[in-house]
Amino acid sequence: MPPISEPVFSVVGDFSRADDRLFVSGISPGRNSATIPAGSTATIRLPEMISGRTYPGRWTMLEVELVPSAATASASWVHREASAAQTRTVRDGNRLLLDLPGEAQAVQVTTGDTETTVTRIRLVDNRAEVLKVTGRTPFSVSRFGTSWVIRGQRYSLNLSAMGDQPLAPTEVNATRAVFEAPDRTFTAYATGTVLDNGHVAEGFTRDVALAASIADPGDLSVLNDAATLVMDPAKGADGRGYIPARGAWRVLALGQRLRLRLAPSTRGSALIRPVLEIEGLQGGPPPSVNIDGQPIDRVVRTGEVWLIELPVRVVGPAVIEINQARREPD
């Protein structure tokens, strides 16, 4: 996966100075910290606190560090008209992260049934362009605040946190991006297949044929002794060797020339852009791939597997051949 640049931070308050406490109400000041009583709300007047610096300027988020890390807290922004507006809030360990709207005049932090201590308040710039592919199949992945922006062929989406759990990328390449959080996997393919926990994501269900193909991915079988289907639940695979969360078949190569058969499971249905993950083949040049003799060039290396997207519509049994010639030793 491409490296992701580290965020830039700027401390706006750590309560080591008396001035820090002047811009926060609803707290009990302590030494290098401030306490918010249980069931109470503290108001941080952020623009006043960072007087002399551009606001919001380059900054994308506000980070509030809390102790204990298990403390329940929520946050909202206060605008010029003094109304509170909910904002996207992500809890990451002992950090409460909020997207930073430019018009906000203050942030309110409300505690649950536990007294909570604020130890530090920081501005965060976490903008990062993780991937940008141009050409026939454009694809880009970037981070801004608590969201990830994904742009593929004929689509653009803003991937937000799941509840208050941050989504983290576990795979990003020219074919797809995979994001995970507890109990959630989000997979976006450059060509337009977008999955949320193994189902076509909301907003992409208008492609009825694709939705049907994802719901019933057909049957994959091995035609020679050079491969076997991976049915390991630890890798997300079901008893057929299919990984619903990523919309892909998982195959273990036992040799260099693999022959597979893929077919719709019901007559009259079609498989749209099926995907294979092949483990066990060596790195280096990608293997040659064809389906019923048609060459396939969407082959990328990701981690321990070769990822193969077949940009075809499979309406009947089709034979897939994968050939990686044995490399001579150095």
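The values are calculated or read from the model by the stated rules, or taken from the named source; none is laboratory data. If you're wondering where the values come from, they're calculated on a predicted model, not measured in any experiment. Glycine gets a Cβ as well: all are built from the backbone with ideal geometry, and neighbour counts include every protein chain shown.
So which residues in the stretch 214-266 are in a helix (DSSP H, G or I) and either aromatic (Phe, Trp, Tyr) or farther than 18 Å from residue 309 by Cβ (or both), if there are any at all?
Residues satisfying the conditions are 215, 233, 234, 235.
Would you mention how many residues in the stretch 267-311 are of a type outside the set (Gly, Ala, Ser) and closer than 19 Å to residue 200 by Cβ?
Summing the residues that are of a type outside the set (Gly, Ala, Ser) and closer than 19 Å to residue 200 by Cβ in the stretch 267-311 gives 8.
For the subset of the stretch 314-324 comprising residues that are closer than 20 Å to residue 298 by Cβ and either touching a Cys at 6+ places or on another chain (Cβ under 8 Å) or in a loop (DSSP other than H, G, I, E, B) (or both), which member is modelled with the highest pLDDT?
Checking each candidate, the answer is 315.
Does the stretch 199-211 contain at least one residue that is within 17 Å of residue 312 (Cβ to Cβ), modelled with pLDDT under 95 and not in a loop (DSSP other than H, G, I, E, B)?
Yes; the residues of the stretch 199-211 include at least one that is within 17 Å of residue 312 (Cβ to Cβ), modelled with pLDDT under 95 and not in a loop (DSSP other than H, G, I, E, B).
Among 4, 27, which is the only one that is closer than 22 Å to residue 168 by Cα, surrounded by 13 or more Cβ atoms within 10 Å (Cβ to Cβ) and not aromatic (Phe, Trp, Tyr)?
4
Can you tell me which residues in the stretch 52-71 are among the hydrophobic types (A, V, I, L, M, F, W, C) and either part of a loop (DSSP other than H, G, I, E, B) or buried (at least 19 other Cβ atoms within 10 Å of the Cβ) (or both)?
59, 61, 62, 64, 66, 70, 71
Which of the following residues is more than 17 Å from residue 120 (Cα to Cα) and among the charged types (D, E, K, R): 31, 53?
From the options 31, 53, the qualifying one is 53.
Could you please let me know if residue 195 is more than 23 Å from residue 130 (Cα to Cα) and in a strand (DSSP E or B)?
No.
When the residues of the stretch 1-13 are narrowed to those that are assigned to a loop (DSSP other than H, G, I, E, B) and at pLDDT 90 or above, which ends up nearest to residue 46 (Cα to Cα)?
So, considering only residues that are assigned to a loop (DSSP other than H, G, I, E, B) and at pLDDT 90 or above, the one nearest to residue 46 (Cα to Cα) is 7.
Pick from 237, 248, 270, 253: which is over 27 Å from the mean Cα position of the chain (by Cα), aliphatic (A, V, I, L, M) and under 15 Å from residue 219 (Cβ atoms)?
Just one listed residue meets the conditions, 270.
Only one of 124, 141, 149 is buried (at least 18 other Cβ atoms within 10 Å of the Cβ) and more than 30 Å from residue 35 (Cβ to Cβ). Can you tell me which?
141
Considering only residues of the stretch 250-304 that are closer than 26 Å to residue 171 by Cβ and of a type in the set (Asp, Glu), which is surrounded by the most Cβ atoms within 10 Å (Cβ to Cβ)?
Among them, the one singled out is 277.
Every residue in the stretch 277-302 that is closer than 14 Å to residue 318 by Cα and in contact with a Lys or Arg (Cβ under 9 Å, 6 or more places away or on another chain), please.
289
Residues to consider are 204, 179; find the one that is within 23 Å of residue 126 (Cβ to Cβ), out of contact with any Gly (no Cβ under 7 Å at 6 or more places or on another chain) and in contact (Cβ under 8 Å) with a residue 24 or more places away in the chain.
179
Within the stretch 20-51, how many residues turn out to be part of a loop (DSSP other than H, G, I, E, B) and modelled with pLDDT under 85?
Matching residues across the stretch 20-51 total 3.
Has the stretch 99-111 got any residue that is of a type in the set (Ser, Thr, Tyr), surrounded by 16 or more Cβ atoms within 10 Å (Cβ to Cβ), part of a strand (DSSP E or B) and modelled with pLDDT under 90?
Yes, the stretch 99-111 contains a residue that is of a type in the set (Ser, Thr, Tyr), surrounded by 16 or more Cβ atoms within 10 Å (Cβ to Cβ), part of a strand (DSSP E or B) and modelled with pLDDT under 90.
Looking at (1) touching a residue at least 40 places away in the same chain (Cβ under 8 Å); (2) buried (at least 21 other Cβ atoms within 10 Å of the Cβ); (3) out of contact with any helix residue (DSSP H, G or I) (no Cβ under 7 Å at 6 or more places or on another chain); (4) under 19 Å from residue 314 (Cα atoms), which one does residue 221 not meet, given that it meets all the others?
Only one criterion is unmet by residue 221, namely (2).
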